[in-house]
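Visitor: First the structure, which I've put down as structure tokens, then a few questions once you've had a look.
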Amino acid sequence: MDWILSITGLPYDLAILMLLAIAGAFAGFVDSIVGGGGLISVPAMLLTNLPPSVALGSNKLSSIFGAGSASITFLRNHMVDFNLVRKLLPFTFIGSMLGTLAVVSLPPLYVKPIIIVLLVAVTLFVVFKKNWGEVNRTSQVMGRALYICMSFALGIGIYDGFIGPGTGTFLIMGFIFTGFDFLHASANAKILNFTSNLASLLVFLYLGHVNIMYGLAAAVGQVVGAYLGSHLAIAKGSSLVRVVFLSVTTVMLLKLVFDYISTL
């Protein structure tokens, strides 16, 4: 980060805020379409030399603005199955709080192999099943399917609080398996992602692990990126979301494998 700041010639604090805003814009754009924005925003926040827990907490502050902006766009365009989503919100909220409490004391190393296997399986499935997620086949989710969705919402909430990056992507996977197309799955996922970010942020704020200034700087970019990304997704439909989905899951997979190998 220091060498970038020296090139800009700007005062240290101002340069950091501007770089965080730019990183936030890219993160918000990607995240509003398929999730995975944390792959951009979390490393950017870590480059400021904040302690890891504070970097994660500050990222959650910016993320709620991006997720909130995208959520409003999807809701206004009637892309969200709120009858289902509202039943899942409490599970995501509670799960995220539990995961955030755990992250301050438990290493995520043991979770990564499971995530890597899951990403490989789903990426290959999307590549070879060309029509998966292209047609919205869902009707009212009831009975056993609803309980599965609730369990999934709880688990992903825990993951978001514990690790974070890729939460929106995994939520989209779950909704597509339920029968939604990519676009509607992305819209539903964004509401739950906003909820999990909010729950996690409340815990980080309580623990004092948030840099408000850095978080708000990235939030400015998140709002702009999320607005552009969500509108583009609605305009281009599931075909665009599918392409971005594959790109993000591939990058996420490579990063997780690299991180895991480097810690062995």
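The values are calculated or read from the model by the stated rules, or taken from the named source; none is laboratory data. Everything quoted here is computed from the prediction, not taken from an experiment. Quick reminder, even Gly has a Cβ in these numbers, built from the backbone with ideal geometry, and neighbours come from all protein chains shown. Accessible surface is based on the protein model in full, side chains and every heavy atom, while ligands, DNA and RNA are left aside. Shrake-Rupley method; radii C 1.70, N 1.55, O 1.52, S 1.80 Å.
Visitor: Just one of Leu192, Leu198, Leu202, Leu171 is within 18 Å of Ile148 (Cα to Cα) and modelled with pLDDT of 90 or more; which is it? Can you show your working first?
Guide: Numbers: Leu198 fails: within 18 Å of Ile148 (Cα to Cα); Leu202 fails: within 18 Å of Ile148 (Cα to Cα); Leu171 fails: modelled with pLDDT of 90 or more.
Only one candidate qualifies: Leu192.
Visitor: Shifting gears a bit: Out of the residues in the range 228-238 that are in a helix (DSSP H, G or I) and touching a residue at least 24 places away in the same chain (Cβ under 8 Å), which is farthest from Phe180 (Cα to Cα)?
Guide: Of all residues in the range 228-238, those in a helix (DSSP H, G or I) come to 228-236, 238.
Now narrow it down to the ones that are touching a residue at least 24 places away in the same chain (Cβ under 8 Å): 228-234, 238.
Numbers: Leu228: 23, Gly229: 19, Ser230: 17, His231: 19, Leu232: 19, Ala233: 15, Ile234: 15, Ser238: 10 Å.
Applying the filter and picking the extreme gives Leu228.
Visitor: How many residues are farther than 15 Å from Leu228 by Cβ and open to solvent by 10 Å² or more (accessible area, probe 1.4 Å) if we restrict to the range 31-40? Working first, answer last.
Guide: Filtering the range 31-40 down to residues farther than 15 Å from Leu228 by Cβ leaves 35-36, 38-39.
So of that shortlist, the ones also open to solvent by 10 Å² or more (accessible area, probe 1.4 Å) come out as 38-39.
Residues meeting the conditions: 2.
Visitor: Only one of Thr48, Thr73 is surrounded by fewer than 24 Cβ atoms within 10 Å (Cβ to Cβ) and at pLDDT 90 or above; which? Reasoning before the result, please.
Guide: Values: Thr48 fails: at pLDDT 90 or above.
The conditions single out Thr73.
Visitor: Restricting to the range 221-240, and then to whatever is open to solvent by less than 60 Å² (accessible area, probe 1.4 Å) and hydroxyl-bearing (Ser, Thr, Tyr), can you tell me which residue is nearest to Leu61 (Cα to Cα)?
Guide: Filtering the range 221-240 for residues that are open to solvent by less than 60 Å² (accessible area, probe 1.4 Å) and hydroxyl-bearing (Ser, Thr, Tyr), the one nearest to Leu61 (Cα to Cα) comes out as Ser230.
Visitor: Here's a follow-up. Please specify each residue of the range 205-227 satisfying the condition of being within 29 Å of Arg76 (Cβ to Cβ) and either touching a helix residue (DSSP H, G or I) at 6+ places or on another chain (Cβ under 6 Å) or not in a helix (DSSP H, G or I) (or both).
Guide: Correct list: Gly215, Ala217, Ala218, Ala219, Val220, Gly221, Gln222, Val223, Val224, Gly225, Ala226, Tyr227.
Visitor: Please determine, by comparing only the residues of the range 228-246 that are polar (S, T, N, Q) and touching an Asp or Glu at 6+ places or on another chain (Cβ under 9 Å), which one is farthest from Met79 (Cα to Cα).
Guide: First pass over the range 228-246, keeping only residues polar (S, T, N, Q): 230, 238-239.
From what's left, touching an Asp or Glu at 6+ places or on another chain (Cβ under 9 Å): 238-239.
On the way: Ser238: 12, Ser239: 16 Å.
Within the range 228-246, the match that is farthest from Met79 (Cα to Cα) is Ser239.
Visitor: Give the number of residues within the range 3-29 that are open to solvent by 20 Å² or more (accessible area, probe 1.4 Å) and at pLDDT 85 or above.
Guide: Pass one, the range 3-29, residues open to solvent by 20 Å² or more (accessible area, probe 1.4 Å): 3-4, 6-14, 17-19, 21-22, 25-26, 29.
Within this subset, residues satisfying the condition of being at pLDDT 85 or above are 17-19, 21-22, 25-26, 29.
The qualifying residues number 8.
Visitor: Go through Ala145, Ala67 for me and flag whichever is at pLDDT 70 or above, under 19 Å from the mean Cα position of the chain (by Cα), assigned to a helix (DSSP H, G or I) and not basic (Lys, Arg). Break it down stepwise before answering.
Guide: Values: Ala145 fails: under 19 Å from the mean Cα position of the chain (by Cα).
Residue meeting the stated conditions: Ala67.
Visitor: For the range 153-208, name all the residues that are open to solvent by less than 20 Å² (accessible area, probe 1.4 Å), out of contact with any Ser or Thr (no Cβ under 6 Å at 6 or more places or on another chain) and of a type in the set (Gly, Ala, Ser).
Guide: Residues satisfying the conditions are Gly164, Gly166, Gly168, Gly174, Ala185, Ser186, Ala187, Ala189.
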